[in-house]
Structure formats: C-alpha cells, structure tokens
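Worksheet for the structure shown next.
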Amino acid sequence: MTTLNVPINEGNGNHLDYLHSPKKYKGILNWILSTDHKKIGILYLISMLTFFSVGVFFGFLMRLELISPGKTIMEPQTYNQIFTLHGVIMIFLFIIPGLPAVFGNFFLPIMIGAKDVAFPRLNLFSWWLFITGGLVALISLFLPGGPADTGWTFYIPYSVRTSTNVIPALIGAFILGFSSILTGLNFITTIHRLRAPGMSWFKMPLFVWSLYATGWVQILATPIVGITLLLVAIERWFGVGIFDPSLGGDPILYQHLFWIYSHPAVYIMILPAMGVISEIIPVYARRTIFGYKFIAFSSLAIALFGSLVWAHHMFTVGMSDTAMWIFSLLTFLVAIPSAIKVFNWVSTLYKGSILLEPAMLFALSFIFNFTIGGFTGLMQGALALNIHIHDTSFIVAHFHYVMFGGTGFGIFAALHHWFPKMFGKMYNKKVAKLSWLFLFIGFQLLYFPLFIAGYLGMPRRYYDYLPEFHIWHFISTIGSWILITGLIIMFTNLIIALRKGAKAPANPWGGVTLEWSIQSPPTHENFEVIPVIENEPYDYSHFEEKEEIKN
Amino acid sequence: MEHKNNHIVGYGTYIFVWLTLVTLTALTVTVASFDLGGFSIVVALIIASVKALLVMLIFMHLKFDDKIFRIFVAVAFLTLMIFIVLTFSDYSFIR
Amino acid sequence: MNQIAETLASEHIHRDEVGAKIGMWLFLFTELILFGGMFLAYAVYRFSYRDYFALASKELDVFIGLINTLILLTSSLTMAMSITALRRGNKKLSLIFLSSTIIFALLFLVNKYFEWSAKFNHGLFPGSNDLLSLPRGEIIYFGLYYVMTGLHAVHVIIGMIILLFMLFYIKSNKVNQDYYIMLENSGLYWHLVDIIWIFLFPLFYLIH
C-alpha cells in the first residue's frame, strides 16, 4: 500500500533510471526510436528549445531593426519574412507543444500512476510528425523566393498572391497540427484508461485536468485549421476557387475558419500553463490548493468558452452587428473561469508558508503577467475600444503578456520545478533566481512600452514608424537585450547542472503528487509497484502539523 | 467501464438497417425532384442525418457500446454545430 | 492478490480494447471536424450563391451519385457483417465479406474516376478557361465539389489500404475471434467515410 506521504517507491539506488535502462538501440537511435514517454518528453524538450532559440533570434533581429526609425539592419521585405517566421515558430513549434508535449508526456503518466501513455508508438510517431512539420515549415528559408511574408495568420488574398514560399509553411503547420492532435488523443485515452487504482477523477492532479481539457480542444479545434490551411495550399497549387475573391471566394470566411482554431489554440497554450501553476503553488506554499474542484472545472469551462469567441479577432472586418455583440459577450464570459483560477491561486498563498524557490518565482510572475495580459484582453473584447487599438502594438503587447509572460514563464516554472526529477540533477538555485530577475525585468521593459505605443497609434507589423514612437521602441529593444541575457543565464545554468549538478533527491521540494514518490530520475517502468491512491492530491496536512509542533 | 462489450449484432439487424438506408436514399432522391423552395435542403439534411444516425448507432455499435462513447460523439457533433451556428450569427444578419 | 491482478492488467496495456476504441473514436472526431470545416465553407457559400449552386449542380449526374451512394451503403453493410462473422468464429465468411467491402470501395473509385474525367472532358477542371468563364458562384461550387469529393476519395483509398491490411491479418490469424479490435476500429473508419458521403450526396447532387 502506497500512501503519498510515505514514498515506498523511492529508489534506493538499486534500480536503473530510464536514462540508463537496458537499451535496444545504441546512440541516438536509442532516443529517436524510443517509445518511453519520458524519453519522448525529453526529445520534445530538446527540439522545442532548439526551435525556441531560432524564434528568439528572429525576435531579437526584429527588435534591433525597430530600435530607431528607418532602416537599421534589414530591408522591409526581410522584416516581413522574419516576423512571419518568428510567429510560425513560436506558435506552432514552441508554445503549443511546449507544455503538453514536453511536461505532459513526461509527467502525465507518472502523475496518474501509469507506466506509459495509452499509445506509446503513436506518441513517438507524433514526435516524428513534429520534427517533419518543423523542418517542412523552415525549408522555405533555403528556397528561392524565401520564406512566407504573410504573417503567421496567412490571410487571404495576400497568401494566394505573394510570390514567397507560402506552401511549405502551410503544409508544415498542417503536419504540426496533426502532431498536436495525436498528443491530445493519447492523453485523453490515457486519462480515461490508465489511472491507478483509487485515482478517481477528483484525485487527479490539476495539471492532469488541464491537459484533459487541452486534449479536447486539440482534437476538436485543430482539424479546422488543418483543413483551412490545406485548402489555401490547394488553392495556390491548382487554382481551385475556395477563398480567393477573384474566383468568388470570401476572405472573411477564411478568417472565420482560421480563428475557429486559432483562438482555442490560445487556450491550448495557456491551459497547461495554468495546470503547472496549480501544481507549483501548493508545493511552495505548503498548503492544499484552495478550491480544487473550481480549478478543475474552470479548465473545462475555459476550453468550452474559449472555443466560442474566435470572431473577436475580426471586429473590424465588417461582420454583422449581431455577431459583434454575441462574440463580445462571449469574450467577457471567458474572463470568469480565468479569474476563478487566479483567485484560487492567490487564496492558496494566503496563510501559506511560502518558499521563494526559482519555480515559485516564475509561477508568481506568471500570475502577475497573466493578470495584465488577461485584463488587456478584456479591453479588446469591448467593441468600441477594439476599433481604436485593433492591429496596433497594443495587441502585440497583450498577447506577448499572455503567451510569453504567461505560458513562457509557465514553461520556465515547470522546467525549474521538474528539472531535478527529469534529470536527477540539481541546478544552482542562486543563478536560477538571478536569471529570473533578468527575465522578469527584461520582459516588462520589452513589452509594456508596446502597450503605450499601441494605444498612441503605433501599428503592429510595421517596419518603420513616426519619430514620436521612438522612445517606446528604444526602451523595448533595451528590454529585449536584458531578456535574452536572462535566457542565456538560465539555460547555461541548467546545462551546467546537467553535467556537474549534485545528485537530486527524490523529493527536493517536498511535493506530494505521485511523481515525487518515485526516484529521480524515474525508472523505465516509473513504478515498481502500481500505487494505490488514497489521499487527496494536495494533502499538506503533515506540513501543517509539523508547523504546529514547532510553535 | 470495465465490462467488455459482448453483444454481437446479427446479420438480420444489419440487413434491415441497410434496407432502411436504401429506402431513405430513394426517398431523398424522390423528394429532390419536387420543388420545395427553401425546405428542400432542410428535408435533404434531415434525411441525411437520420441515415448517419442509423449508421452510427447500429453499424458503428454506438447503441451497444459503453455510454461514454455516446457522450463523446454528442460532444463532437455539438462542437461542430456550435461552430456553424456562431459563424452564421455573422452571415445571417449581415446587411 | 489484487495488486498482482492490477500489475498484470497494466502489463497488457496494448490489449486494452476499450482504450483502443476510445482512441479510434477521438481520431474519427478529427476527421469529422476536418470535413466539418469544409461543410461550414459549403454552408456559407451556398447561403451567398444559392442560385448559382443550383445551376452548377445540374452539371452533376444524379444517377452516378446514386449508384455510388448505394455502393458505399452496401460496403458498410458487408463491413459490419464481416465483424459479426469473425466474432462468431466464421473466418472464411468474414474474409468474403471483407473482400467484398474492398471490391465495393474499388467500384466507388472507378465510378468516381469516370465522373471526374467526364467533367475534365467538358473543360470543367480547376483553373481551366471554361470554368473561369463561369459566374463566380459556380466557380466556387466546382471548387468545393473537387476538393470535398477529392478528399473523400482520398479517404476511400486510405480505407481500402487499411482493409487490405486487415485481410492479411485475419488470414494470418493476427486478428481473430478473440482479438478483433483492429478490425472493429477499421470498420469504424470505413463507416465514417460512408457517413461523410451520406451528406456529400444530397448537398452536391440534389440541390437543383
């Protein structure tokens, strides 16, 4: 019998961890042909961070170009292609797979007491799709004509007219979509079928709940964008009339179909991050999560409402007034489940015994950034204000606050929280905190000025600007340097830890979910004995008792 | 959810369903030859939905499988319906 | 004792038939929504170009469409009966039913080929001058027609390949009376292809 507070599964050094378990293949084949969910998680981590570095590099170049008005380092056409690549890479290759495919793969089976996901081979296949899609999307860099210059949204009619290589990006995104769908499919089946005995739905960790909600969005929304992008590719290839207005098509219909997926995609990105925060806050506050069921159900509610608000990206295209107010209303409704989560996290902190470990710092900055990003999102849901700030850098600032300040920091939080478990090594906590400081300050400097510039009228995606916006762009570019310094410190610290870090104990942070009850790094089978779950997922009563004894 | 589905549908049931499907196909072709104005598409879609429902319930075993499958299918179709209805909140009211 | 049973159960993850079926249904939903996106596009365009759609659909041969509908419905029947036959232990009958399903699929494609090539001979193919000289509503109708029936045909081909694999698996007893979930899942896929056609037929052939 395993109770969560007495980890009997903990390795005593006799069990080989998954990194050293007997191998079928040698060298790199041992990795890229492995169906072990943990190895696939690591594969995703490495490939995702590689793509992330490329995306950051493009972002850095864009910011450098914008440091002063006029041409600084590149031609306008190059700038258009770079912001398209930055968007495509960051959205499809970094943020969407970031949490589910990396940490979901690694920890979902462990957290529900399973030995692997439901379809391990499919899991490996979806990583291969991910790599294929990524390479197809990036191949246009080396083709004559260069990468697409349409922006990541591929709006019609420009995407069927431009002479750049749009088709590779479209096909790449299509393949990546299927990789994401298969991951979601795998997770939902795993959660339904492979929970350990006693792991009822309301004993599942909240990260698992968020992955469940995400999985449904992945399955039910992604195919729409898949077919839409495929149709654009077919239209370019064969000249079939679908969206092109000169052939009778309707560009607004394209935008509807595109956003039917791409808005829920925002929730594919943010929901797992919210799950991570719900995991981290109780561990470092040493308190049971406040409002477990509310957080669990708000994940489902966000997935539901988030699928109904897509046309708020289209308030200026001339939709019917009826559609405008319906979508505006629905947009405001999404705020409710999101706010429920924030209130519950903050309530969990109340009277907690807070440890400011690196993961906690990232998690707290998530709440801070997400609140700003969320509120500015609500501002855009208001029809009147939306017209004023539509397509300005206000929007850019808003979605970077949610996507990077939210999900990005969520990924960093997860990385610092679970790194010892994944690799069995401890990193230098002081350096990690320093990198957090750089990232946090750099992030605010980089994006907050864009709110102001956007509100004053700075359009997004512009290569050049009026001198009155100079100061905001200047501050923003300085911020990007600080941010990148933070990234370099963080990754260097983690890479050094991989090679020279001290051996991590099984439970360095005092967590009570199942992954902390097994050795670090886990064995190939995760559990020597399948655990039987009796306790609530975040039972910190033993900590509270200890506190009382001290007093 | 553990109990295995041991229900084997007989050939007779399948043939009966197939006959119904063929009849419905004949019906939809016949109805299409009359001019019902705006209703012809409604009738065609209703008949098609009944046919699809029959295929799913009997041929795809939804009627005999665990309840969870029926819930899943309902969720998927509901999602698609919502996508269509909300898109038409734009197109139906545009001037 | 209980724990041993649990461990044994989890070691047979790959034999979890309900799990396999859940996975298959979830996959079918993505196919459903994939076509759903195109049906949505169809709905919007038919709403805008109602008269042109009615006019253009006269170019299609209802008879060929009807024959193909009957072929697919019958193939669904033989597919379902093939599973029943296998579960009742009649391997030979199951193989006969499955082979006829594949033959029906082939017939469907042959029919489709003649239908498409007739259109091509009339100059009605994507990007052709004849097609582009039509009113815009009709261009869109044929755009949707080619894309939707084309993608459906791709699914028929994929389905055929899957069923061919099943044929060999049953022959080699890899799929058998006790372990038939693969055949059942292939059947689910095949029925979905049928369902898509059930909607495509009236929407393209019967709207005049």
Inset, instruction - Filter the range A:193-215 down to residues that are open to solvent by 20 Å² or more (accessible area, probe 1.4 Å) and at the interface with chain C (Cβ under 9 Å from one of its Cβ atoms) and give me whichever is farthest from C:P126 (Cα to Cα). - result: A:P197
Legend entry - Checklist (1) at the interface with another protein chain (Cβ under 9 Å from one of its Cβ atoms); (2) under 30 Å from C:F142 (Cβ atoms) applied to A:R236, failing item: (1)
Legend entry - Some residue of the range B:1-21 being closer than 18 Å to C:N185 by Cβ, outside any helix (DSSP H, G or I), within 12 Å of chain A (Cβ to nearest Cβ) and of a type in the set (D, E): no
Inset, instruction - Quick one: which residue in C:R46, C:R87 is away from chain A (no Cβ under 14 Å), of a type in the set (K, R) and more than 20 Å from the chain's Cα centre (by Cα)? - result: C:R87
Inset, instruction - Hand me the list of helices (runs of 4 or more DSSP H) wholly inside the range A:88-185 holding 2 or more residues that are open to solvent by 10 Å² or more (accessible area, probe 1.4 Å) and of a type in the set (F, W, Y). - result: A:120-139
Inset, instruction - Name the helices (runs of 4 or more DSSP H) wholly inside the range C:103-208 in which the number of residues that are in contact (Cβ under 8 Å) with a residue 12 or more places away in the chain and open to solvent by 70 Å² or more (accessible area, probe 1.4 Å) is 2 or more. - result: C:136-171
Inset, instruction - Filter the range C:73-84 down to the residues that are small (G, A, S) and either open to solvent by 20 Å² or more (accessible area, probe 1.4 Å) or within 7 Å of chain B (Cβ to nearest Cβ) (or both), then identify the one that is nearest to C:F120 (Cα to Cα). - result: C:S76
Inset, instruction - Determine, yes or no, whether B:A48 is at the interface with chain C (Cβ under 9 Å from one of its Cβ atoms) and either touching a Leu at 6+ places or on another chain (Cβ under 7 Å) or within 27 Å of A:F258 (Cα to Cα) (or both). - result: no
Legend entry - Candidates C:G37, C:G23, C:G89, filtered to the one that is outside any helix (DSSP H, G or I) and either farther than 30 Å from C:L124 by Cβ or free of Cβ contacts under 8 Å to residues at least 60 places away in the same chain (or both): C:G89
Inset, instruction - Report yes if A:S480 is of a type in the set (S, T, Y) and either within 30 Å of A:F394 (Cα to Cα) or in contact with a Cys (Cβ under 8 Å, 6 or more places away or on another chain) (or both), otherwise no. - result: yes
Inset, instruction - Would you check which residues across the range B:22-45 are among the β-branched types (V, I, T) and more than 7 Å from chain C (Cβ to nearest Cβ) and list them? - result: B:T23, B:T30, B:V31, B:V42, B:V43
Inset, instruction - Would you check if B:F93 is surrounded by 14 or more Cβ atoms within 10 Å (Cβ to Cβ), modelled with pLDDT under 95 and not assigned by TED's automatic domain parsing to the domain that holds B:Y11? - result: yes
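One line per residue, one yes/no per condition, for (1) within 23 Å of the chain's Cα centre (by Cα); (2) modelled with pLDDT of 95 or more; (3) at the interface with another protein chain (Cβ under 7 Å from one of its Cβ atoms):
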{"position": "C:I22", "(1), (2), (3)": "yes, yes, yes"}
{"position": "C:L28", "(1), (2), (3)": "yes, yes, no"}
{"position": "C:F35", "(1), (2), (3)": "yes, yes, no"}
{"position": "C:K58", "(1), (2), (3)": "no, no, no"}
{"position": "C:I71", "(1), (2), (3)": "yes, yes, no"}
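The values are calculated or read from the model by the stated rules, or taken from the named source; none is laboratory data. Note that the coordinates shown come from a computational prediction; the quantities given were computed from them, not determined experimentally. Counting neighbours? That spans all protein chains shown, and the Cβs are built from the backbone with ideal geometry, glycine included. Accessible surface is based on the protein model in full, side chains and every heavy atom, while ligands, DNA and RNA are left aside. Shrake-Rupley method; radii C 1.70, N 1.55, O 1.52, S 1.80 Å.
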